[in-house]
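Below: one structure, written as structure tokens.
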């Protein structure tokens, strides 16, 4: 069983709409979660981190964490073509002394 | 502040050879992690080093090894290369704990022929 699972997509969203990306995890000990964006041919770039239940907003991005249901999500408002990328969800347990485990990623395409 | 630097960017090796990849973390970062990325498997964790000690290890065969030097620079070595080792190898650094998140280097693209 994968520790972090994502819908591999691809996900297509019209420009200006909200893109919703979801991730579930199996390890209840996971404490910290991250969303990375990876453009084709580039390395992953950290865009959001979340540690507590609830929502965390940063510009057009909102991360949501629900530890009881073991899911993490990322909302992208007012989607732009430049948001087209693969989004990777990652989690770690034990307050940081464990490895960071990644999902396989969701490919997002914003349609102009 | 310089980012994570990986060298070389590209490598072509023959089956059976060995290869060494290098990673220089962000200044002040003591944790270095290595990942293998392939289209089918995504990002697979290889190992993590913190203050010259291997702190975590993934499920890779013993042909994959690494080390970290006192200046936090890290190397990974793959011996007896197989075709399936062709991948993008990514190094990531962190201040210390993984819950700070990682900063990735540009990666080394290894092709085994």
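The values are calculated or read from the model by the stated rules, or taken from the named source; none is laboratory data. Fair warning: this is a prediction, and the values are worked out from it, not measured in the lab. Positions of Cβ are backbone-derived with ideal geometry, glycine not excepted, and every protein chain shown enters the neighbour counts.
In table form, for the structure just shown:
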{"item": "Exclusive hit being surrounded by 15 or more Cβ atoms within 10 Å (Cβ to Cβ), touching a helix residue (DSSP H, G or I) at 6+ places or on another chain (Cβ under 6 Å) and at the interface with chain B (Cβ under 10 Å from one of its Cβ atoms), set A:43, A:49, A:32", "result": "A:32"}
{"item": "Checklist (1) more than 22 Å from residue B:44 (Cβ to Cβ); (2) within 14 Å of chain B (Cβ to nearest Cβ) applied to residue A:102, failing item", "result": "(1)"}
{"item": "Number of the condition not met by residue A:41 [criteria: (1) in contact (Cβ under 8 Å) with a residue 12 or more places away in the chain; (2) within 28 Å of residue B:88 (Cβ to Cβ); (3) outside any strand (DSSP E or B); (4) over 12 Å from the mean Cα position of the chain (by Cα)]", "result": "(1)"}
{"item": "Pairs where the first residue, in region B:27-50, is free of Cβ contacts under 8 Å to residues at least 12 places away in the same chain and the second is in a strand (DSSP E or B), C-beta under 8 Å, 6+ apart", "result": "B:42/A:88; B:42/A:102"}
{"item": "Condition broken by residue B:41, with the remaining ones in (1) facing chain A (nearest Cβ under 9 Å); (2) modelled with pLDDT under 95; (3) surrounded by 15 or more Cβ atoms within 10 Å (Cβ to Cβ); (4) closer than 22 Å to residue A:35 by Cβ satisfied", "result": "(3)"}
{"item": "Qualifying residue in region A:11-20 (condition: away from chain B (no Cβ under 12 Å), in contact with a helix residue (DSSP H, G or I) (Cβ under 8 Å, 6 or more places away or on another chain) and in contact (Cβ under 8 Å) with a residue 12 or more places away in the chain)", "result": "yes"}
{"item": "Criterion violated by residue B:6 - all others in (1) surrounded by 15 or more Cβ atoms within 10 Å (Cβ to Cβ); (2) under 24 Å from residue A:4 (Cα atoms); (3) within 12 Å of chain A (Cβ to nearest Cβ) satisfied", "result": "(2)"}
{"item": "Residues within region A:47-75 that are touching a residue at least 12 places away in the same chain (Cβ under 8 Å) and assigned to a strand (DSSP E or B), tallied", "result": "15"}
{"item": "Count of residues meeting criterion [away from every other protein chain (no Cβ under 12 Å) and touching a residue at least 24 places away in the same chain (Cβ under 8 Å)] in region B:51-83", "result": "15"}
{"item": "Matching residues, region B:28-38, being buried (at least 16 other Cβ atoms within 10 Å of the Cβ) and closer than 14 Å to residue A:102 by Cβ", "result": "B:33, B:34, B:35, B:36, B:37"}
